[in-house]
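Asker: The structure is given below, and queries will be raised subsequently.
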Amino acid sequence: MIILALIISLVLLLITTLHVYWGIGGIWPGTDQASCARAVVGFRGIDEMPSSFASFAVAACL
């Protein structure tokens, strides 16, 4: 059970780190802001990532 808790904690930490990265302006997995937004958000017609505040809010909740 401890190992499962550690694995879940690690996954959540990685997701949190990714949201902080996006919050400071990171564009992975895209090559620019528009391609990153399309890849991450997954909707057509999206040309920009959510605000930094939104990314940091998700990171804080995680």
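Asker: Between a residue in the stretch 14-39 that is under 14 Å from Phe56 (Cα atoms) and any residue that is among the hydroxyl-bearing types (Ser, Thr, Tyr) and exposed (fewer than 15 other Cβ atoms within 10 Å of the Cβ), which pairs come within a Cβ distance under 9 Å, given they are 6 or more apart or on different chains?
Answerer: Cβ pairs passing all conditions: Trp22/Ser52; Gly23/Ser51; Gly23/Ser52; Ile24/Ser52; Gly25/Ser52.
Asker: Go through the stretch 18-61 and report how many residues are assigned to a helix (DSSP H, G or I), aromatic (Phe, Trp, Tyr) and exposed (fewer than 13 other Cβ atoms within 10 Å of the Cβ).
Answerer: Going through the stretch 18-61 one residue at a time, the tally reaches 1.
Bear in mind that the values in this text are calculations on the coordinates, not laboratory data. Since we're looking at a predicted model, the values are computed, not measured. Cβ: placed from backbone, ideal geometry, glycine included. Neighbour counts: every protein chain shown.
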